[in-house]
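One structure is given below, encoded as structure tokens.
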């Protein structure tokens with residue numbers, strides 16, 4: 001019997017070492033996945049992702065193998081963190097701002113402030129190439145193609161071929177359960193899609209005029225204000241971060257009606273706990289994700305929080321903070337998610353293994369929370385109506401679009 005003990009000890013040590021190497025964490029723990037906190041720049045390709053410098057990452061996606069892809073926005077690149085080794089490399093972009101080598105090798109192509117990312121079922125990665133007013137597709141073979149946008153900033157009509165259509169600062173992309181590509185045409189105050197039957201780019205939500213109207217009406221008759229993040233649940237419900245209105249809108253798939261499901265329309269912070277979600281206040285939400293239980297997560301960007309929305313019906317809903325203290329900054333990692341300071345959290349994705357990855361944009365980090373669907377903050381964090389300082393005056397819309405404060409709902 002004694003001869004077996006060394007092997008047991010070795011096995012335990014091996015498990016401990018392997019767990020550390022793989023970055024295994026307890027549910028609810030927040031850890032950094034890429035970047036050095038507060039150190040904006042570019043470095044690190046071919047090395048440990050935690051030793052790399054990033055430039056305000058604003059988009060994120062995870063492939064079927066667990067590799068993390070993110071838009072290194074200020075560096076005009078899309079980068080990848082290998083799930084097995086933890087090393088980082090550039091997969092799209094030379095780092096030079098521009099529009100070159102379309103249809104060629106993605107590493108030799110140029111981008112201009114890329115933001116939103118999403119994978120389709122074939123492994124193609126779609127990129128909102130915001131500054132180039134285009135949507136690009138990065139193929140598994142390493143090529144980059146433009147699939148929407150003529151490169152001119154503006155709007156030239158509905159129901160046109162995607163490559164003949166003008167866009168205005170597209171910032172997010174999503175794939176519907178039917179495989180259609182949806183685009184947040186943010187500067188045009190529209191959500192659009194490439195229709196799989198006609199192949200044309202058509203409007204899904206928004207009139208094009210900035211405003212806040214249309215609840216219980218057809219989505220294309222509603223007014224939006226700088227829509228950004230998009231996400232679908234497995235039933236085909238589309239959720240829109242109506243950023244300038246500080247609200248979350250829902251487009252139901254059968255009749256294409258639109259509803260406000262969270263947010264008062266006034267910028268602020270309130271509504272934690274049992275209060276109805278439409279009585280909760282947000283400040284420039286820019287990220288959305290859905291967990292395996294169908295609950296919606298919102299990056300409440302200027303409130304420095306990620307909040308979870310549970311909706312049983314339009315009259316039965318609640319919102320609670322699951323990540324972030326509400327303080328802007330960085331206070332380390334390896335802690336409970338609700339104890340972490342953030343700096344303008346944005347794009348998010350939840351994997352099939354219940355891992356939340358998000359861009360902590362102002363901290364120049366990609367961060368993760370294991371077992372996000374099981375996270376239940378202590379009672380002291382969930383009392384609704386708790387006091388909160390007004391959001392930072394330098395809000396995320398100003399950072400991203402240069403808009404003045406009176407261009408957003410207040």
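Here are the numbers for the structure shown:
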quantity: Extension gain, residue 26 back to residue 279 (0.36 nm per residue minus Cα-Cα distance, nm); calculated: 87.8 nm
quantity: Sequence of 176, 71 once ranked by neighbouring C-beta atoms within 10 Å, starting from the fewest; calculated: 176, 71
quantity: Computed FRET value (nearest 0.05) for residue 87 with residue 233, which takes r as the C-beta separation and R₀ as 22 Å; calculated: 0.10
quantity: Residue exposure sequence - 270, 280 - by fewest surrounding Cβ within 10 Å; calculated: 270, 280
quantity: Gain in span if fully extended, residue 331 to residue 254, counting 0.36 nm per residue against the direct Cα distance; calculated: 23.2 nm
quantity: Cα→Cβ-extended label distance, 7 Å offset, between residue 207 and residue 339, nm; calculated: 5.0
quantity: Radius, Kirkwood style, for the range 196-342 when every pair of distinct Cα atoms is counted (Å); calculated: 15.7
quantity: Estimated Rh, the range 25-407: Kirkwood, alpha-carbon pairs, angstrom; calculated: 20.2
quantity: Taking 259, 138 and counting other C-beta atoms within 10 Å, the order from fewest to most; calculated: 259, 138
quantity: Nitroxide proxy distance, nm - points 7 Å out along Cα→Cβ at residue 102 and residue 147; calculated: 1.5
quantity: Gain in span if fully extended, residue 120 to residue 139, counting 0.36 nm per residue against the direct Cα distance; calculated: 5.8 nm
quantity: Rounded Å value of the spacing that divides the Cα centres of the range 293-360 and the range 191-237; calculated: 24
quantity: FRET efficiency estimate (nearest 0.05) - Cβ-Cβ, residue 51 to residue 164, R0 51 angstrom; calculated: 0.70
quantity: Ranked packing of 45-53, 120-128, most packed first, by mean Cβ within 10 Å; calculated: 120-128, 45-53
quantity: Length-normalised contact order of the range 25-407 in % [C-alpha pairs under 8 Å, at least 6 apart]; calculated: 13
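Every number here is computed from the coordinates shown, using simple stated rules; none is lab data. Predicted model, so just to flag it, every value in this text is computed and none were measured. Quick reminder, even Gly has a Cβ in these numbers, built from the backbone with ideal geometry, and neighbours come from all protein chains shown.
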